[in-house]
1. Mind checking which residues of segment 269-301 are assigned to a strand (DSSP E or B) and either at positive phi or not β-branched (V, I, T) (or both)?
2. For segment 327-348, give me each residue that is open to solvent by less than 10 Å² (accessible area, probe 1.4 Å) and β-branched (V, I, T).
3. Determine, yes or no, whether K19 is over 18 Å from A147 (Cβ atoms) and open to solvent by 80 Å² or more (accessible area, probe 1.4 Å).
4. Of D113, D139, D128, D121, which residue is of a type in the set (D, E, K, R) and open to solvent by less than 20 Å² (accessible area, probe 1.4 Å)?
5. Take the residues in segment 261-294 that are more than 30 Å from L64 (Cα to Cα) and exposed (fewer than 12 other Cβ atoms within 10 Å of the Cβ); name whichever of them is modelled with the highest pLDDT.
6. Tell me, which residue of segment 304-326 that is among the hydroxyl-bearing types (S, T, Y) and assigned to a loop (DSSP other than H, G, I, E, B) is least open to solvent (accessible area, probe 1.4 Å)?
7. Given the criteria exposed (fewer than 14 other Cβ atoms within 10 Å of the Cβ) and closer than 20 Å to S293 by Cα, does G99 qualify?
8. Which residues, counting only those in segment 269-288, are within 15 Å of V335 (Cα to Cα) and either acidic (D, E) or over 13 Å from the mean Cα position of the chain (by Cα) (or both)?
Amino acid sequence: MARAELLADFVSRVDKFDKLQSFITKAQSQAGKFAAAVIEKGVKDNEEKSMEVVGEIIPLLSDLEAVIGALDGERETATDNAKDCKFRLEELELRQMIGDITDEAFEAESAKDTAVVKSTDEKVTEIDEVLGQYRAAIDRWQVLGTAAGILSDVVPELEALEEEIIIDDDILVEDEIEADDGDDVFQDDDTGGAHVERVSIAEDMSDVLADVEGEDFEVGDLDILGDDEDIELEAGSDDDEDEKASDDKPRRAVLLYQEGTAEEQIYPFTGDVMSLGRGRDNDVQVKNDSKVSRYHCKLYRRGPNFYVEDNKSANGSLVNGELITERRLFGGEEVIIGETFFRFRILD
């Protein structure tokens, strides 16, 4: 399918989706004027039609993203080709300025390079215009799909991920809490505080995480607390905890590609942001996956915590199978972009 035809087809289907959504809104606004069953049927019929259109839109997104990637490549190639010409022109201008060559010689020697630069600028302008049309169409779909709940971020209940521990003069924690990769056993001790027995990572991670940036990781290095190490938990605000954690050494994390296979690759999270995408200037470049956007998503740290955020990619980013916009990472999550799978691990 030609590029113009592809864009027109996509825009047409998004227009149809928008129209069906307007029918749903209008039908819902008539509540009280018609029987509830009539309103419900009108809404349901248009919702079913909308989902049929969504099924037609989704496959086109990867094609649009592929075209955008190709246009970006064409733009980059054209710009690179013009760099040498611009350099030679500046050199000639300098020579003309200092009197090394005459104006006539400058005109003669610069004619070819001037023509190339002009042609390149025109081509880049044309490519930018087309890119703007494609990106505007995708952005419109993102807005409409999100408003309709098709692309909305499904935020899990915090209680499913964390257990709040409150300790005061009368309450001691005596429950055993299971962690993803080990056991956290909280129990009262003779001191009247809470004693943390041990938190450790499974032994098979010692091989997976070996030699990251020249460091040899042992299972003992991944223990958050030693066998005999006690801590006192005191009541306090979340802000106090975050401030205290931010004063400590930054937590270490890694992103694993094809974990546990011969193709496994380890990407240490050493800075504040890690970008993922098909573009070669990402921290993690994903090749041979047309469903991955040029700048697909990013991982970043905020204080002691880690997060993943989608960069309005065409096909979205998933955490543990759920489409997200932004999500906090606690370690052990599966992060999927396009058809590429990663595992996020926090080391300490």
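The values are calculated or read from the model by the stated rules, or taken from the named source; none is laboratory data. Keep in mind that this is a model prediction, so the values were computed, not measured. Here the Cβ is made from the backbone with ideal geometry for all residues, glycine too, and neighbour counts use every protein chain on show. When the accessible area is computed, the model is the full protein with side chains, heavy atoms only, and any ligands, DNA or RNA have been set aside. Shrake-Rupley method; radii C 1.70, N 1.55, O 1.52, S 1.80 Å.
1. Of all residues in segment 269-301, those assigned to a strand (DSSP E or B) come to 269, 273-277, 284-285, 297-301.
Listed by number, the residues that qualify are F269, M274, S275, L276, G277, Q285, C297, K298, L299, Y300, R301.
2. Answer for segment 327-348, where residues must be open to solvent by less than 10 Å² (accessible area, probe 1.4 Å) and β-branched (V, I, T): V335, I337.
3. On the way: over 18 Å from A147 (Cβ atoms): no; open to solvent by 80 Å² or more (accessible area, probe 1.4 Å): yes.
It is false that K19 is over 18 Å from A147 (Cβ atoms) and open to solvent by 80 Å² or more (accessible area, probe 1.4 Å).
4. D113
5. It comes out as D272.
6. Of the residues in segment 304-326, the ones among the hydroxyl-bearing types (S, T, Y) are 307, 313, 317, 325.
In the following step, the residues that additionally are assigned to a loop (DSSP other than H, G, I, E, B) were identified as 313, 325.
On the way: S313: 3, T325: 72 Å².
Here the residue is S313.
7. Values: exposed (fewer than 14 other Cβ atoms within 10 Å of the Cβ): yes; closer than 20 Å to S293 by Cα: no.
No.
8. Once the filter is applied, which keeps residues that are within 15 Å of V335 (Cα to Cα) and either acidic (D, E) or over 13 Å from the mean Cα position of the chain (by Cα) (or both), segment 269-288 yields only F269.
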